[in-house]
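Derivation of every value follows stated rules applied to the coordinates shown; laboratory data play no part. None of these values were measured; they are calculated from a predicted model. Cβ coordinates were reconstructed from backbone atoms using ideal geometry, including for glycine residues, and neighbour counts include every protein chain displayed.
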């Protein structure tokens, strides 16, 4: 099948069923190993910090990131601040009552 030929749907399906090369004039330059693919995938994931698990966890506690100022620090959400303060107060109260308790 040349580049200028128009392939019908029946010819395409027939070629796929018989596992014939659809584009015989195009050859791969070099084969790629699994390790090379893995390294490229990991490098691409490192570049995309917006899909990391840590970012999803931080989104629970921090305001959404401003796309126009990506380097700016994010403020904590109001709910996270209130919940954090309540937890801190409970921990301070428990610690204070345990230290003030009479020792045997």
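Residue-level check: of (1) assigned to a helix (DSSP H, G or I); (2) in contact with a strand residue (DSSP E or B) (Cβ under 6 Å, 6 or more places away or on another chain), residue 60 misses just (2). Just checking, does the stretch 21-32 include any residue being surrounded by fewer than 10 Cβ atoms within 10 Å (Cβ to Cβ) and in a helix (DSSP H, G or I)? Looking through the stretch 21-32, none of the residues is surrounded by fewer than 10 Cβ atoms within 10 Å (Cβ to Cβ) and in a helix (DSSP H, G or I). Looking across the stretch 19-58, the residues that are under 30 Å from residue 9 (Cβ atoms) and in contact (Cβ under 8 Å) with a residue 12 or more places away in the chain come down to 22, 23, 24, 25. Scanning the stretch 52-85 for residues that are within 28 Å of residue 41 (Cα to Cα) and either in contact with a helix residue (DSSP H, G or I) (Cβ under 6 Å, 6 or more places away or on another chain) or surrounded by 10 or more Cβ atoms within 10 Å (Cβ to Cβ) (or both) returns 52, 55, 56, 57, 58, 59, 65, 66.
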